[in-house]
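Engineer: Provided herewith is a single structure, encoded as structure tokens, for subsequent inquiry.
The values are calculated or read from the model by the stated rules, or taken from the named source; none is laboratory data. All values derive from a computational prediction rather than experimental measurement. So basically every Cβ, Gly included, is an ideal-geometry build from the backbone, and we count neighbours across all protein chains shown. For accessibility, only protein heavy atoms count, side chains too; no ligands or nucleic acids. Shrake-Rupley method; radii C 1.70, N 1.55, O 1.52, S 1.80 Å.
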Amino acid sequence: MQFEGIPPLPRPNVVRRFIYSATSPWRKWRQRAHARVVEQARQQPQAKFQHLMKTAEGIAEINPAGLHDLVRAILRPLQSEHLLSIAELGRSAHTCVDWNSFFGPVVQRAMWSHTGELLGAELPADKYVVSLVNDTVLPWPWQHDRYITALAMIGQSKELQPRPEEFPRARWKGPWRYDQLNHGVTLWLPWRIGFVWGGNHSITAGILAGEGQLIPSDVYDMAFLFEDMYTDGVRYYCSKTDVPLGLVPNPRVAAVFEIGRMIHKLARK
């Protein structure tokens with residue numbers, strides 16, 4: 001049985017010389033097949049990015065409000081990995097999701113002035129509400145005992161609860177509630193991504209229980225980045241010169257970046 005495109009092998013006693021010969025059609029076929037595999041591997045990240053952007057464009061044509069849901073879908077695997085890591089792998093299995101480096105080194109450098117000031121426009125935090133159900137909130141539960149206690153006791157569906165004195169670390173039991181002294185979340189617009197730096201375990205419990213709202217500690221509009229750069233899913237480029245600035249961490253992060261541009265543009269219309 002012959003496969004399409006594969007040259008037939010000669011007699012067994014000349015196979016080795018046939019395969020390794022510089023003029024062998026078998027060797028040329030292997031080289032072409034390898035080149036195709038390499039090229040497909042190179043194009044895959046960009047293909048994923050392009051399809052995500054096609055999806056975003058389709059949503060935007062019908063209702064731009066749905067773009068925030070697409071951002072949540074893209075970042076949900078990242079969120080889930082952090083929600084589960086301490087339960088599955090133990091303490092500090094994952095580091096926190098750092099807002100400073102989230103979009104990669106290129107964006108990180110562009111975010112700060114020469115004097116060390118964050119260039120994003122700071123907005124009044126009390127004008128915003130973060131939903132643990134409808135917004136992308138990225139906590140980092142890092143202590144196993146606190147994780148167990150939070151998931152066991154926080155949530156309005158937790159009917160069978162042990163006595164509080166058995167769990168001295170527990171701040172409360174029952175429905176999730178906002179604790180201004182404990183909960184710290186930095187909200188980035190236009191994506192509505194919440195980076196958690198305080199109250200990781202109780203915020204994790206709220207996300208998994210499907211309940212809770214909080215007031216962010218800080219709110220920054222990072223739309224200025226869209227004037228400086230864009231991405232094709234693999235690299236960032238200067239918006240003015242099209243000069244490559246550096247690699248994107250992955251195609252999903254690249255898509256989130258560009259979907260933010262779409263959200264920003266459509267909100268201004």
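Engineer: Looking at segment 230-250 only, could you name the residues that are touching a Leu at 6+ places or on another chain (Cβ under 8 Å) and either among the charged types (D, E, K, R) or closer than 20 Å to Gly58 by Cβ (or both)?
Structural biologist: Within segment 230-250, the subset touching a Leu at 6+ places or on another chain (Cβ under 8 Å) is 234-238.
Scanning segment 230-250 gives a single hit, Arg235.
Engineer: Within segment 197-215, how many residues are closer than 12 Å to Ser131 by Cα, outside any loop (DSSP other than H, G, I, E, B) and open to solvent by 10 Å² or more (accessible area, probe 1.4 Å)?
Structural biologist: Restricting attention to segment 197-215, the residues satisfying the condition of being closer than 12 Å to Ser131 by Cα are 203, 206-207, 210-215.
Subsequent filtering for residues that are outside any loop (DSSP other than H, G, I, E, B) retains 203, 206-207, 213-214.
If we keep only those that are open to solvent by 10 Å² or more (accessible area, probe 1.4 Å) too, we end up with 207, 213.
Residues meeting the conditions: 2.
Engineer: Let me ask another. Step by step: first the residues of segment 112-132, then only those that are modelled with pLDDT of 95 or more and assigned to a loop (DSSP other than H, G, I, E, B), then the one that is farthest from Trp188 (Cα to Cα). Which residue is that?
Structural biologist: Leu132
Engineer: With respect to the numbered conditions (1) of a type in the set (Lys, Arg); (2) modelled with pLDDT of 90 or more; (3) within 19 Å of Ser202 (Cβ to Cβ), which one is the sole condition not fulfilled by Lys158?
Structural biologist: So the condition that Lys158 fails would be (2).
Engineer: With respect to Asp218, determine if the residue is open to solvent by 50 Å² or more (accessible area, probe 1.4 Å), at pLDDT 95 or above and of a type in the set (Asp, Glu). Walk me through how you get there before you give the answer.
Structural biologist: On the way: open to solvent by 50 Å² or more (accessible area, probe 1.4 Å): no; at pLDDT 95 or above: yes; of a type in the set (Asp, Glu): yes.
No: the conditions fail for Asp218.
Engineer: Scan Val196, Val253 and give me the residue that is within 22 Å of Gly58 (Cα to Cα), hydrophobic (A, V, I, L, M, F, W, C) and either touching a residue at least 60 places away in the same chain (Cβ under 8 Å) or touching a Leu at 6+ places or on another chain (Cβ under 8 Å) (or both). Before the answer, list the steps.
Structural biologist: Values: Val196 fails: within 22 Å of Gly58 (Cα to Cα).
Going through Val196, Val253 in turn, the sole match is Val253.
Engineer: Which one of these is open to solvent by less than 20 Å² (accessible area, probe 1.4 Å) and aromatic (Phe, Trp, Tyr): Phe224, Phe257?
Structural biologist: Only one candidate qualifies: Phe257.
Engineer: A follow-up question, please. Arg192: touching a strand residue (DSSP E or B) at 6+ places or on another chain (Cβ under 9 Å), more than 22 Å from Gln79 (Cβ to Cβ) and basic (Lys, Arg), yes or no? Can you show your working first?
Structural biologist: On the way: touching a strand residue (DSSP E or B) at 6+ places or on another chain (Cβ under 9 Å): yes; more than 22 Å from Gln79 (Cβ to Cβ): no; basic (Lys, Arg): yes.
No, not satisfied.
Engineer: Kindly list the number of the only condition in (1) of a type in the set (Val, Ile, Thr); (2) open to solvent by 20 Å² or more (accessible area, probe 1.4 Å); (3) under 18 Å from the mean Cα position of the chain (by Cα) that fails for Thr241.
Structural biologist: Checking Thr241 against (1) of a type in the set (Val, Ile, Thr); (2) open to solvent by 20 Å² or more (accessible area, probe 1.4 Å); (3) under 18 Å from the mean Cα position of the chain (by Cα), the one that fails is (3).
Engineer: Check whether at least one residue in segment 191-210 is at pLDDT 95 or above, under 21 Å from Met262 (Cα atoms) and in contact with a Gly (Cβ under 6 Å, 6 or more places away or on another chain), and report yes or no.
Structural biologist: Among the residues of segment 191-210, at least one is at pLDDT 95 or above, under 21 Å from Met262 (Cα atoms) and in contact with a Gly (Cβ under 6 Å, 6 or more places away or on another chain), which makes the answer yes.
Engineer: For Pro141, work out the one condition from (1) assigned to a helix (DSSP H, G or I); (2) surrounded by 15 or more Cβ atoms within 10 Å (Cβ to Cβ); (3) modelled with pLDDT of 90 or more it doesn't fulfil.
Structural biologist: (1)
Engineer: Considering each of Arg109, Arg72 in turn, give the residue that is open to solvent by 20 Å² or more (accessible area, probe 1.4 Å) and touching a Ser or Thr at 6+ places or on another chain (Cβ under 9 Å). Quick ask: steps written out before the conclusion?
Structural biologist: Values: Arg109 fails: touching a Ser or Thr at 6+ places or on another chain (Cβ under 9 Å).
Exactly one of Arg109, Arg72 is open to solvent by 20 Å² or more (accessible area, probe 1.4 Å) and touching a Ser or Thr at 6+ places or on another chain (Cβ under 9 Å), namely Arg72.
Engineer: If you don't mind, there's one more thing I want to ask. All but one of (1) outside any helix (DSSP H, G or I); (2) open to solvent by less than 20 Å² (accessible area, probe 1.4 Å); (3) over 26 Å from Tyr237 (Cβ atoms) hold for Cys96, so report the exception by its number.
Structural biologist: (2)
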